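Report on one structure; see the data block that follows.
FYI, it's all coordinate maths here, none of it is from the lab. Everything numeric here is computed off the predicted structure, so don't read it as measured data. Neighbour counts run over all protein chains shown; Cβ positions are idealised from the backbone, glycine included.
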Amino acid sequence: MAPTCSHVLLWVRDLHQAVQDYRRLGFQVDYATDPARAQHAHIWFAHGPIIELLTTPRSAAFFKWPLELAFGRGSGVRMLRWPAGGEGFCDVAVRIEQPDLRPALDALRADGVAVGRAVRWKRTRPDGDKTTFQFAYPRNDRLPFLVSPYDPPQYPPHSAHANGATALSRVHLGVRAEDEVALRRLIGADPHFAVQRAAVTGVIAVELRGLRSRCDPAMTHGGDIRPEAATDIAA
């Protein structure tokens, strides 16, 4: 099945401060796990891509090789790049609508895209319920990574943002010329992505449908979050 944008990752130094700031910007923000130990928080919409705020331990720089062993080749470089770049968008995930990523990974390898192994992961939500999923990282740490659907699905029954945002409608994605073939193989024809040539491959900005005004950059922790400029993507 065709890949679709799953979530955009935004690295922050202090997750709790970022959660507070995004709530002040009018977003509903939910911790992914127990807030006391959380390293991830989500800005959900009723459907489609979401924004994930994440942080990493200060000691992460010492764990490149353990990360490679735990999450596959290429993961250490990727995960250490997130904090090294400072606050802001650091990565993007594409969802493969299959519970097992291995067939999709085999197809990518056959097309010349080097990818690591599928990693099975489990997360305990703040309410104690568990969700499982798989992910896999391309060896090129600048390319989008792959995830399977959450099991069970995690979209909340109600998602209301005081700032009017109703959907993440577009991800502006820069790409180096040498990365473009592999990147387009990974993202397919998903209209959420607007790709443009850039010196570095990565997320530049996102557009949100319904957002009443551009978010104050002093509070977005490096994320360029804009109102939707056009309405050519189906709701």
**Message:** Running a GNM on the chain with Cα contacts under 10 Å, which residue among VAL181, VAL119, VAL195 ends up with the highest mean-square fluctuation?
**Reply:** VAL181
**Message:** Going by amide H atoms built from the backbone, whose H comes under 5 Å of the H on HIS7, apart from near neighbours?
**Reply:** ILE50, ALA93
**Asked** Taking Rh as the Kirkwood radius, which is the inverse of the mean 1/r over Cα pairs, what is the Rg/Rh value for segment 1-61?
**Response** 1.01
**Asked** Using the Cβ atoms and a cut-off under 12 Å, what net charge is assigned to the surroundings of THR4, where Lys and Arg are +1 and Asp and Glu are -1?
**Response** -1
**Item:** Beta bridges per DSSP with both ends in the chain, % antiparallel, nearest 5
**Value:** 65 percent
**Request:** Take peptides 153-160, 34-41, 141-148 and line them up by average Cβ neighbours within 10 Å, highest first, as a rough protection proxy.
**Result:** 141-148, 34-41, 153-160
**Request:** Using the Cα centre as the reference, give the magnitude of the dipole from point charges on the C-beta atoms of the chain (Lys, Arg: +1; Asp, Glu: -1; all else neutral), rounded to the nearest 20 debye.
**Result:** 440 debye
**Prompt:** With the chain treated as a Gaussian network of Cα nodes joined by springs under 10 Å, which of TRP121, TRP11, TRP82 yields the largest mean-square fluctuation?
**Reply:** TRP121
**Message:** Run the simple label-point estimate for GLU180 and MET219 please: 7 Å along Cα→C-beta, distance reported in nm.
**Reply:** 3.9 nm
**Asked** TYR31's amide H: which non-local residues (gap 5+, or another chain) put their own amide H closer than 5 Å, with H modeled 1.01 Å from N in plane and none for Pro or chain starts?
**Response** HIS42
**Prompt:** What is the local net charge at ARG214, summed over the other residues whose Cβ is closer than 13 Å to its Cβ (Lys, Arg +1; Asp, Glu -1)?
**Reply:** -2
**Request:** Give me the percent of DSSP beta bridges within segment 98-219 that run antiparallel, rounded to the nearest 5.
**Result:** 75 percent
**Message:** With n ≥ 4 as the cut-off for DSSP H runs, can you work out [θ] at 222 nm for the chain, using -39500 (n - 2.57) per run divided by the number of residues, rounded to the nearest 500?
**Reply:** -5500 deg cm²/dmol
**Fill in**
Between the alpha carbon centres of segment 91-132 and segment 134-163 the gap in Å comes to 9 Å
**Complete:** Quick calc: nm separation of the 7 Å Cα→Cβ label points for VAL200 and ASP34 -> 3.6 nm
**Message:** Under 5 Å between amide hydrogens, which residues at least 5 positions from LEU208 or on another chain qualify, with H placed 1.01 Å from N in the peptide plane?
**Reply:** SER169, ARG226, GLU228
**Message:** I'd like to know how segment 72-117 sits against the 2.2 N^0.38 Å rule of thumb: what's its Cα Rg over that expected value?
**Reply:** 1.38
**Asked** When all alpha-carbon pairs of segment 159-235 are counted, what percent fall beyond 15 Å?
**Response** 59 percent
**Prompt:** So between ASP127 and ASP14, what do we pick up on full extension, going 0.36 nm a residue minus the alpha carbon distance?
**Reply:** 38.4 nm
**Request:** Report the FRET efficiency, 1/(1 + (r/R0)^6), for ARG139 and ALA160, where r is their Cβ-Cβ distance and R0 is 45 Å, rounded to 0.05.
**Result:** 0.65
**Item:** Radius 13 Å from Cβ of LEU108, net charge of other residues (Lys, Arg +1; Asp, Glu -1)
**Value:** +4
**Request:** For segment 148-157, just list the computed ³J(HN,Hα) in residue order, Karplus coefficients 6.51, -1.76 and 1.60, θ = phi - 60°, integers in Hz, with x standing in for Gly and Pro.
**Result:** 8, x, 5, 10, x, x, 10, 4, x, x
**Message:** Per residue of segment 119-133, what does 6.51 cos²θ - 1.76 cosθ + 1.60 with θ = phi - 60° give for ³J(HN,Hα)? Whole Hz please, x for Gly and Pro, Karplus curve as stated.
**Reply:** 10, 8, 9, 10, 10, 9, 6, x, 7, x, 5, 10, 10, 10, 6
**Fill in**
Note, segment 211-223: 3J(HN,Hα) by Karplus (6.51, -1.76, 1.60, θ = phi - 60°), whole Hz, Gly/Pro = x, goes 4, 7, 7, 4, 5, 4, x, 6, 10, 9, 6, x, x
